[in-house]
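Before any comments, here is the structure.
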Amino acid sequence: MIHGDVKDRGLAAKGKARILWADRSMPVLADIRARFELTKPLAGVRVGACLHVTTETANLMRTLVAGGASVALCASNPLSTQDEVAASLVEDFGVSTYAIKGEDNSTYYKHLNAVLDSKPTITMDDGADLVSLAHSDRKDALAAVVAGTEETTTGVIRLRSMAKAGVLDYPIIAVNDAMTKHFFDNRYGTGQSTLDGVIRATNMLLAGSTVVIAGYGWCGKGVAMRAQGMGAHVIITEVDPVKAIEAVMDGFRVMPMAQAAPVGDLFITVTGNKHVIRMEHFLAMKDGAIVCNSGHFNVELELDGGLYNQCSSRQLVRDFVEEFSLANGRKVYVLADGRLVNLSAAEGHPAMVMDMSFANQALSAEWILQHKDGLAKGVHVIPEEIDREIARIKLKTMGYGMDVLTPEQVAYLGSWQEGT
Ligand code: ADE
């Protein structure tokens with residue numbers, strides 16, 4: 001029985017067309033889906049997924065259903081849902097979907113609870129809200145769960161904290177840690193989709209503007225590279241000295257946020273940490289500065305207790321752009337309530353890159369079921385052979401070939417005698 005809480009089931013036809021459009025750029029996932037269709041590795045499995053409800057996620061859900069799973073899906077962010085996709089998942093693809101773009105916090109948690117009500121045997125999370133709920137208010141759900149997967153850096157950090165505290169109750173694969181995930185999704189996906197979100201929301205010109213990027217992890221590297229490519233002057237803020245040197249040697253200026261605040265035209269946070277841009281920084285910004293976040297949670301900006309409380313007035317001036325008047329007479333603009341700008345104001349990462357991320361999700365679900373008896377509770381990395389196989393298939397579908405080691409080269413790499 002397919003259930004759901006979506007905005008309007010009448011949007012399904014539009015959603016289906018968009019899902020099939022994305023599918024054209026997801027050949028690795030399609031390959032896995034075709035095999036799953038024949039071998040049904042997920043027969044009898046109930047997947048409870050908490051992911052951004054996008055066209056790309058829909059193709060992952062189709063793959064799980066093809067593998068024999070029954071699937072309940074909710075949004076992993078209140079603003080990232082594509083309503084027509086949610087409608088089509090319920091109407092066309094047999095996925096119980098609970099997600100409405102712009103849902104409030106209580107609806108967001110009602111939807112997570114609905115997914116846990118389906119008594120999932122596998123959890124598939126993005127940011128670890130579902131896992132966190134199952135380990136707090138919904139401990140009743142834990143008995144049925146055998147394993148899980150986690151998509152993001154933020155979620156993996158949360159899960160490792162849970163494991164360290166000894167409270168994580170089942171094994172979870174850190175999909176984020178696969179090379180074919182974070183090297184590409186976090187870097188090229190976030191790089192492109194973040195600027196896409198900023199541009200769709202504001203229509204600002206990046207050429208010649210000063211863009212301050214907080215955080216030089218894989219996501220920050222991607223955003224910096226793309227902003228520079230569009231002619232922006234890029235400033236990086238960091239707390240890790242190694243990443244800071246990397247940014248310097250990649251050609252960027254590095255300075256504390258207090259110094260960057262008065263010079264930036266656009267600020268983008270991608271640190272995964274809390275209150276990276278605080279009230280003191282908002283007050284130091286130029287009139288007209290634009291501020292957004294592309295990290296998983298909107299806590300990167302000090303909004304509640306900060307800008308929201310200390311502004312003299314606020315108004316929405318266009319979709320996803322809110323103007324805040326400050327006591328010093330200046331105005332600053334926050335995009336998409338500080339939520340992930342790439343998924344709120346744009347469509348998230350392109351299907352071409354999500355193909356690899358979600359191939360990792362599908363294969364992790366299969367792998368974790370095959371190995372569940374020997375797996376300890378805790379966070380596990382995806383086996384390297386799966387990671388490399390995804391890269392191999394992706395490269396092939398992109399039309400590129402590679403060399404193979406000659407026997408002489410294999411022997412050389414395994415020897416130590418040959419030297420100067
Ligand atoms: N995370 C980033 N981009 C995404 C997308 N397009 N779909 C699902 N999750 C995402």
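Values computed for the structure shown
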item	result
Cα gyration tensor shape for segment 111-156, rounded if a/c is under 1.5, else prolate or oblate	prolate
Estimated [θ] at 222 nm from DSSP helical runs (n ≥ 4, -39500 (n - 2.57)) normalised by residues in the chain, nearest 500	-12000 deg cm²/dmol
Top of 204, 255, 356 by mean-square fluctuation, Gaussian network on the chain, Cα under 10 Å	204
Shape category assigned to the chain from the gyration tensor of Cα positions, a/c cut at 1.5	oblate
Sorted peptide list for 143-154, 241-252, 80-91, criterion being average Cβ within 10 angstrom, highest first	80-91, 143-154, 241-252
Selection from 402, 420, 386 lying farthest towards where the dipole of segment 353-420 points positive, charges on Cβ	386
Fewest-first ranking of 42, 20, 301, using other Cβ atoms within 10 Å as the exposure measure	20, 42, 301
Fewest-first ranking of 371, 52, using other Cβ atoms within 10 Å as the exposure measure	371, 52
Within segment 297-376: Cβ-based charge dipole about Cα centre, in debye rounded to nearest 20 (Lys, Arg +1; Asp, Glu -1)	300 debye
Burial ordering of 412, 216, fewest other beta-carbon atoms within 10 Å first	412, 216
Debye, to nearest 20: dipole size of the chain, +1 on Lys, Arg Cβ, -1 on Asp, Glu Cβ	340 debye
For residue 168, residues with placed amide H under 5 Å, excluding near neighbours	163
Potential extension, residue 308-residue 409 segment - 0.36 nm per residue separation minus Cα distance	30.2 nm
Charge dipole of the chain about the Cα centre (unit charges at C-beta), most positive-ward option of 336, 142, 255	336
For residue 233, residues with placed amide H under 5 Å, excluding near neighbours	208, 209, 210, 211
Selected from 55, 39, 237 as most flexible by GNM, with the chain as the system and alpha-carbon contacts under 10 Å	39
Cα gyration tensor shape for segment 1-104, rounded if a/c is under 1.5, else prolate or oblate	prolate
Under 5 Å, built H, 5+ apart or other chain: amide partners of residue 148	123, 172, 173
Under the span-like rule (Cα at least 27 Å along the axis, Kyte-Doolittle mean at least -0.5), DSSP H helices of the chain	351-371
Charge dipole magnitude, Cβ of K and R +1, D and E -1 - segment 234-373, Cα centre, debye nearest 20	420 debye
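FYI, it's all coordinate maths here, none of it is from the lab. If you're wondering where the values come from, they're calculated on a predicted model, not measured in any experiment. Using ideal geometry, Cβ is built from the backbone for each residue, glycine included, and neighbour counts are taken over all protein chains shown.
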